[in-house]
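Engineer: I'd like to ask some things about the structure below.
The values are calculated or read from the model by the stated rules, or taken from the named source; none is laboratory data. On a predicted model such as this, the values are computed, not experimentally measured, just so you know. In this analysis, Cβ positions are derived from the backbone assuming ideal geometry, glycine residues included, and neighbour counts consider all displayed protein chains. Just so you know, the surface numbers come from the protein's heavy atoms only, side chains and all, with ligands and any DNA or RNA stripped out. Shrake-Rupley method; radii C 1.70, N 1.55, O 1.52, S 1.80 Å.
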Amino acid sequence: MTTGSPTPAYQTPARPPAQPRRSRLRTFLPLALAAWLVLEIWLLTVVAGATSGLVVLLLLAAGFVLGAVVIKRAGRRAFQNLNEALQRGTASSDRSGGNGLMMLGGLFLMIPGLASDVIGLLLLLPPVQKAVSGYGERKLRAAAATPGTLGDAFQQARIHRPDGKVVQGEVIRDEQ
């Protein structure tokens, strides 16, 4: 206390509020990025030692140019699909996610490093795209089905009252 009076024996000093636990992602993501950077640098030095620095530089430049071409091509294709869908007045029929994965592959190609180039090249292969998109769809469906997640948020609404209390409820739409 700031008054200088002694604290009574029965009163315990207030403890600071407990810190929330860090999520696993916040704990391990910096470690994973550091390990990724070490792997990329090690691979570059190994390849430079086996060949020459000029070969490594040419590989990195070729990966950057190839990645830019892939991203540009996938972006054009996605824009054309969107224009066609808007002209038809229907939703896009392409549900494979191929354009997004091609753009991601191009981005990995543009990142300097040999391991990222390998991942980028793998993402350009149609069987790998199909497997990754199938895995992503299964994960999104599982996340949307569990209560308390994003999928559940679409079915619940929170109404804030003027006194600060929160009333939970469900949105029910009458279809006519």
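Engineer: Can you confirm whether segment 107-127 contains a residue that is outside any loop (DSSP other than H, G, I, E, B), open to solvent by 50 Å² or more (accessible area, probe 1.4 Å) and farther than 25 Å from residue 48 by Cβ?
Structural biologist: yes
Engineer: Under 8 Å between Cβ atoms, which residue pairs at least 6 apart in sequence (or on different chains) link something in segment 17-42 that is at pLDDT 85 or above with a partner that is assigned to a helix (DSSP H, G or I)?
Structural biologist: Matching pairs, first to second residue: 36/115; 39/115; 40/114; 40/115; 40/116.
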